[in-house]
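First up is the structure itself, then whatever we jot down about it.
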Amino acid sequence: MTTPDDRVALVATVPLTDNEVWQTMAPGTLAMFADGLPVREEATAIPAGR
């Protein structure tokens, strides 16, 4: 159960609900979170054939 004071980060391959805003990450993106907030994002190379 979350409260208005909570921060939560959930990473999924597709949106899990339709009543919230979901942010799309580009393929190959590596994201780091602290306390539910993004603190760093890097683009990684995607191997050929994937």
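For the reader, a short list of remarks on this structure follows.
- Residue match in the stretch 1-22 (condition: exposed (fewer than 10 other Cβ atoms within 10 Å of the Cβ), in contact with a Gly (Cβ under 8 Å, 6 or more places away or on another chain) and assigned to a loop (DSSP other than H, G, I, E, B)): yes
- Output for the stretch 23-44, where each listed residue is within 11 Å of the chain's Cα centre (by Cα) and not in a loop (DSSP other than H, G, I, E, B): Thr29, Leu30, Ala31, Met32, Phe33, Leu37, Pro38, Glu41
- The stretch 1-20, residues that are within 10 Å of the chain's Cα centre (by Cα) and hydroxyl-bearing (Ser, Thr, Tyr): Thr13
Each value in this text was obtained by applying a stated rule to the coordinates, not by laboratory testing. Note that this is a predicted model, so its numbers are computed, not measured. Positions of Cβ are generated from backbone atoms using ideal geometry, with glycine treated the same way; all protein chains shown enter the neighbour counts.
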